[in-house]
Protein chains: 2
Amino acid sequence: MSEIRLHSYFRSSTSVRVRVALAMKGLDYDYVAWNLRAAEQRSSDFLAINPQGLVPALEVDGLILRQSLPIIEYLDERFPQPALLPSDSAGRARVRALAAMIACEVHPLNNLRVLRYLQSTFAADTEAQAAWFCHWTRATLDPLESIVASAPETGVFCHGDQPGLADICVFAQFLNNRRFGLADSEWPVLARIHAACMEIAAFRAAEPDMQPDAK
Amino acid sequence: MSEIRLHSYFRSSTSVRVRVALAMKGLDYDYVAWNLRAAEQRSSDFLAINPQGLVPALEVDGLILRQSLPIIEYLDERFPQPALLPSDSAGRARVRALAAMIACEVHPLNNLRVLRYLQSTFAADTEAQAAWFCHWTRATLDPLESIVASAPETGVFCHGDQPGLADICVFAQFLNNRRFGLADSEWPVLARIHAACMEIAAFRAAEPDMQPDAK
């Protein structure tokens, strides 16, 4: 039995991703909360775990893993069932690309530290921050919607009828979207996939409100 | 022999990454240039290849691949020699996390479309755009430097003595840094790794100035 410890913040959507993967794999873990609103991720205790000062980080038998997608790839290699990536290279490339569209093009622009920089440097108020969030989210989710809507590989989920890495990213992004007033219905296929995720206990268990540090 | 076609822009650092990987694998390919300064990536011809309107995209025997890191993972699976990822899961997780630090935390904030949005929405002038670029680059390269400086896994390159995925990302990022006046010497270990990359023909061949569309 592996010793697993997740460093997380209930509302962090990258932490949501890792929590879904852990739950899908049926892995037990200790939950260590770091309050981003109180800048606890900048404490020396946390920087010793991740010098970048970002959650999530995952400890597995003493090995410290960072960055949500590489963490999930590691979990998928170490604990193969159920698989979060397809078994063929073309399928893996497709799923990784869908996941990267959210992980590399949406989330990095919209996290708390960026919104704070916009506020402090450009005097962006709440409305301007929301406009920024919506602009970059639409810039990627619109083409993502068209890709999954037209591809024969799309099934109940982004790739076939089993949930995987791309669905995890869509799921976490939609949770964020709602906080900025973006309706799921802007992207009907992604919304259907998000709803299919919500039917699965492992996804529901990863939601912010279900975490020990939720408040 | 595979039919490979790379959709690229000479200066795009995500295109640089894929060009290095193709050259390391010794793969011949057709180079298709899209001029981002002329917004050619928004043309219907290009959107049919990548609805997201981003280079690079790679066609391999008719399969269209998108997003630079998933493209490189695909190339590494299909053409295994030389390997761009370590053979062990812990090593792969480490290299993927180092690459993701650049691919998910630095580059998405600093590409042309984001700088243009800052200009049009917040009236950010050239100086404010450069400050933005430098802020987010340092926010990630500083901890990246400390991680590679202190880790026993670091060798001539980010992970051991053979170049791989993380080095490719460092290499491409340093090319961008210079355009914004960031000196390599801010990050001595990464600068040493970048210099080691420059000793390798496959890296030099991927530089912007070496491309058919360079001007």
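Based on alpha-carbon atoms only, what is the radius of gyration of chain B relative to the globular estimate 2.2 N^0.38 Å?
So the Cα radius of gyration is 1.00 times the expected 2.2 N^0.38 Å.
Of the residues B:H194, B:H107, B:H135, which exhibits the maximal mean-square fluctuation in a Gaussian network model of chain B defined by a 10 Å Cα contact cut-off?
Looking only at B:H194, B:H107, B:H135, the largest GNM fluctuation is found for B:H135.
Please list 3J(HN,Hα) in residue order for the stretch A:102-108, calculated via the Karplus relation 6.51 cos²θ - 1.76 cosθ + 1.60 where θ = phi - 60°; whole Hz, with x for glycine and proline.
7, 6, 9, 10, 9, 4, x
When the helix-only estimate is applied to chain A (DSSP H runs of n ≥ 4, each -39,500 (n - 2.57), divided by the residue count), what is the mean residue ellipticity at 222 nm, nearest 500 deg cm²/dmol?
-15500 deg cm²/dmol, from helical runs alone.
Among B:L63, B:L109, B:L27, which one shows the highest mean-square fluctuation when chain B is modelled as a Gaussian network with alpha-carbon springs under 10 Å?
B:L63
For the stretch A:1-128, what does the relative contact order come out to in percent, with C-alpha contacts under 8 Å and a separation of six or more? Don't jump to the answer; show the numbers that get you there.
Numbers: 118 pairs, mean separation 29.2, N = 128.
Taking the mean separation of contacting Cα pairs over the length of the stretch A:1-128, I get 23 percent.
Which residue, B:A57, B:P86, B:L27, has the largest displacement toward the positive end of the dipole of the stretch B:1-110 when charges sit on each Cβ (Lys, Arg +1; Asp, Glu -1)?
The Cα lying farthest towards the positive end belongs to B:P86.
Hey, for B:M198 with labels 7 Å out along Cα-Cβ, what do the inter-copy distances come to in nm, ordered shortest first?
Taking the point 7 Å beyond Cα along Cα→Cβ, the inter-copy spacings are 5.4 nm.
Ordered by residue, what ³J(HN,Hα) values in Hz, to whole numbers, does the stretch B:149-154 give under the Karplus form 6.51 cos²θ - 1.76 cosθ + 1.60, where θ = phi - 60° and Gly and Pro are x?
My calculation for the stretch B:149-154 gives 5, 9, 8, x, 6, 5 Hz in order.
Taking H as built 1.01 Å from N, whose amide H comes closer than 5 Å to the amide H of A:A206, not counting residues under 5 places away?
Amide H neighbours of A:A206, under 5 Å, 5+ apart: none.
Show me, for the stretch B:11-27, the HN-Hα J-couplings you get by feeding each phi into the Karplus relation (A = 6.51, B = -1.76, C = 1.60, θ = phi - 60°), rounded to Hz, glycine and proline as x.
3J(HN,Hα) across the stretch B:11-27, in whole Hz: 8, 5, 6, 6, 5, 4, 4, 5, 5, 4, 4, 4, 5, 4, 7, x, 8.
Give, rounded to the nearest 20 debye, the magnitude of the charge dipole that chain B has about its Cα centre when Lys and Arg contribute +1 at Cβ and Asp and Glu contribute -1 at Cβ.
It comes to approximately 400 debye.
Modelled label-to-label distance, A:L175 and B:Y117, 7 Å Cα→beta-carbon offset: nm?
Label at A:L175, label at B:Y117, 2.2 nm between them.
Could you let me know the centre-to-centre spacing of the stretch B:1-70 and the stretch B:129-185, using Cα atoms, in angstrom?
Centre-to-centre distance over Cα atoms comes out at 23 Å.
With springs connecting C-alpha atoms under 10 Å apart, model chain B as a Gaussian network and identify which of B:I147, B:I193, B:I72 has the largest mean-square fluctuation.
The residue with the greatest mean-square fluctuation here is B:I147.
Using only alpha carbon pairs under 8 Å that are at least six residues apart, calculate the relative contact order of the stretch B:1-55 and give it in whole percent. Don't skip to the end; give the middle numbers.
Working: 47 pairs, mean separation 21.9, N = 55.
Across the stretch B:1-55, relative contact order equals 40 percent.
Mind listing the label-point distances from A:E3 to the same position on all other copies, shortest first, one decimal in nm, points 7 Å along Cα→Cβ?
5.6
Past the 28 angstrom mark, what percentage of all C-alpha to C-alpha distances in the protein assembly as shown do you count?
46
Label-to-label distances across copies for B:G155, with labels 7 Å out along Cα→Cβ, in nm, shortest first?
4.1
Here, each number is a calculation from the coordinates, and none is a lab measurement. All values reported here derive from a predicted model rather than from experimental measurement. A quick note on method: Cβ atoms are made from the backbone with ideal geometry, for glycine too, and the neighbour counts reach across all protein chains shown.
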